[in-house]
1. Out of all the residues in the stretch 62-71, is one or more modelled with pLDDT of 90 or more, under 20 Å from residue 258 (Cβ atoms) and touching a strand residue (DSSP E or B) at 6+ places or on another chain (Cβ under 7 Å)?
2. Before we move on, is residue 288 free of Cβ contacts under 8 Å to residues at least 24 places away in the same chain and farther than 26 Å from residue 134 by Cβ?
3. Name the strands (runs of 3 or more DSSP E) wholly within the stretch 296-354 that hold at least 3 residues that are surrounded by 15 or more Cβ atoms within 10 Å (Cβ to Cβ) and in contact (Cβ under 8 Å) with a residue 12 or more places away in the chain?
4. Quickly run through the stretch 604-625 and pick out the residues that are in a loop (DSSP other than H, G, I, E, B) and crowded, with 18+ Cβ neighbours inside 10 Å.
5. Hey, which of the strands (runs of 3 or more DSSP E) in the stretch 119-183, taking only ones fully inside, have at least 2 residues that are in the same structural domain as residue 225 (by TED's automatic domain parsing) and at pLDDT below 90?
6. Evaluate the stretch 184-201: report whether one residue or more is touching a helix residue (DSSP H, G or I) at 6+ places or on another chain (Cβ under 9 Å), surrounded by fewer than 18 Cβ atoms within 10 Å (Cβ to Cβ) and under 26 Å from residue 136 (Cα atoms).
7. Does residue 102 meet the test of being part of a helix (DSSP H, G or I), under 30 Å from residue 382 (Cα atoms) and not assigned by TED's automatic domain parsing to the domain that holds residue 398?
8. Of the residues 652, 628, only one is in contact with a strand residue (DSSP E or B) (Cβ under 7 Å, 6 or more places away or on another chain) and part of a helix (DSSP H, G or I); which?
């Protein structure tokens, strides 16, 4: 309960902390976070619902700076309206007067010119007459322009010249025929919002406070007879695009509209324009009237479509959005902050009530996909733009942090459990239990494996316990076990179990380096255990404690490795004849006055590394087949004295003579060995045996096998 409560508060703190950090960044308009939010909005724009292409809107593009090479001389002569197009732009304003007249006569409902006419020009008087004649059907442009000087930046307003509109100075801004053409992008340079109105306060003093001016799109809607569709607010309004740049409204060339032949064939003598809003604006590259949009630059059918949209096409998108009520509502800041908080709470709840990390790894991405789908659904169906990047960031970052915390907690817990278990069982057993719980070691089954088994047992321990202080004895025995187990682990062995004062270790049951290497590690461990016990005895003697002695038996063979026991207590161990023989070999160390005996299956595996000495050919209790046993003199890498080597060679020769029933010759060799080493028990034992067999010659069944009658 305490652990669960602790995790609850930590998980809650992670979720709340992540949400608060994101809140602070969002509140302060942290640029990378805002750009990420814009990016998610742009993705919704690209792949979401689009405003329909309105058939009531037509775009006539100024697609040439000059039409001198586009028409024949006969065509120029046939139509006086084409004559000004021979020269370079800007043309005589009679061009616009003729175009307005032609479109108005054909029944066009509104004619919008995305042009300013700020200075005086040729043909102003003709254009002025036409604008006055069709003042309820024509809209032309004004432009707010930034001025930079030594005194700083300021705003100015470019309006149609008095030679075009008979209106005094700034009052032209309030003329129903004039709308500002400005297209203002968001702070990251991308156009997502339109401005249909500006009040005097937003013009930096250019216009009087309390006044209101309208955009080109708003003036067009008003002239079209739909002023109620113009948004009331003076600020930016999010609109829905019709499509990506280059895939929307078709550009009709201005020259074709003025060319009599094309006018008749392509536009049915103007019937095509009847009842429509016709917008005329620069579409040629030389005018550089393009603006960044949320759409990417794409390649299609070998043609590149830019992410930037023509200014006149943008005006049509803005007009079309109003005509079809395709405006998008953006959540308020307080609503955004609430959504971010809810994302943090959801992350905390998910992490607490779903503690399984793998399940969370599946659920969190599904929640992210679901929320993204919700954002797209609201964008398409409810015309609502909700924050997506920030809530998803809170959800995923909180989830990752909690996963990291859980991973750390799990590793800490595993380390604690591992450390605790390793006090009672082998490191290798703990490793298998914790790292591979699904293997056969977690079942009651088993497998057969060739392993090397080591048994060690303290001599006279039962007698020692009778006269020793129990607490002191336990402490001394723990010191002994600490030293012995250290060497087992040092040579990659597995501590199978403690049996009272005995130690059972195994090589090859879990991790093996091959039978030969496993056996060599076991023998090396035994030699280190002998050296370790010698050091302990020196220390114990100095402390007034009794010295200990032990015997070690090592055997190699096939055993069953498995998980044995009951539902209440399980033990990973090895069983089999090879295990029993290892235990018997340890018991034989007492009979032969040795501290180490290895079996006949171990000898060929370690002979290249260690110097062995033959002990006997014995039949242990419970066995019918005799085995040859050896003891280990030392490692071959250690320098041997020539005298010691000669003595061991003589001893081994005596063993061979003994087994060949040459008892007299063997006795002489063993006698010499005893003289050389009076305390060598084996030489003395064989000398006595030879003498007895000389006196009482054995029958033909004698094989030299020593039969053990006890364990």
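The values are calculated or read from the model by the stated rules, or taken from the named source; none is laboratory data. Small disclaimer: the values here were computed from a predicted structure and weren't measured. Ideal geometry is used to build each Cβ from the backbone, glycine not excepted, and the neighbour counts take in all protein chains shown.
1. yes
2. Details: free of Cβ contacts under 8 Å to residues at least 24 places away in the same chain: yes; farther than 26 Å from residue 134 by Cβ: yes.
The answer is yes for residue 288.
3. On the way: elements: 298-300, 303-305, 308-310, 327-330.
Correct list: 308-310, 327-330.
4. First, pick out the residues of the stretch 604-625 that are in a loop (DSSP other than H, G, I, E, B): 607-609, 620-625.
Answer for the stretch 604-625, where residues must be in a loop (DSSP other than H, G, I, E, B) and crowded, with 18+ Cβ neighbours inside 10 Å: just 620.
5. Numbers: elements: 138-149, 152-158, 178-180.
Counting at least 2 such residues, we get 138-149, 152-158.
6. Taking the stretch 184-201 as the starting set, the residues that turn out to be touching a helix residue (DSSP H, G or I) at 6+ places or on another chain (Cβ under 9 Å) are 186-188, 190-192, 194-197.
Retained after the next criterion (residues that are surrounded by fewer than 18 Cβ atoms within 10 Å (Cβ to Cβ)): 186-188.
From the residues that got through so far, the ones that are under 26 Å from residue 136 (Cα atoms) too are none.
No: zero hits.
7. Details: part of a helix (DSSP H, G or I): yes; under 30 Å from residue 382 (Cα atoms): no; not assigned by TED's automatic domain parsing to the domain that holds residue 398: yes.
Judged against the criteria, residue 102 is not a match.
8. Working: 628 fails: part of a helix (DSSP H, G or I).
After applying the criteria, what remains is 652.
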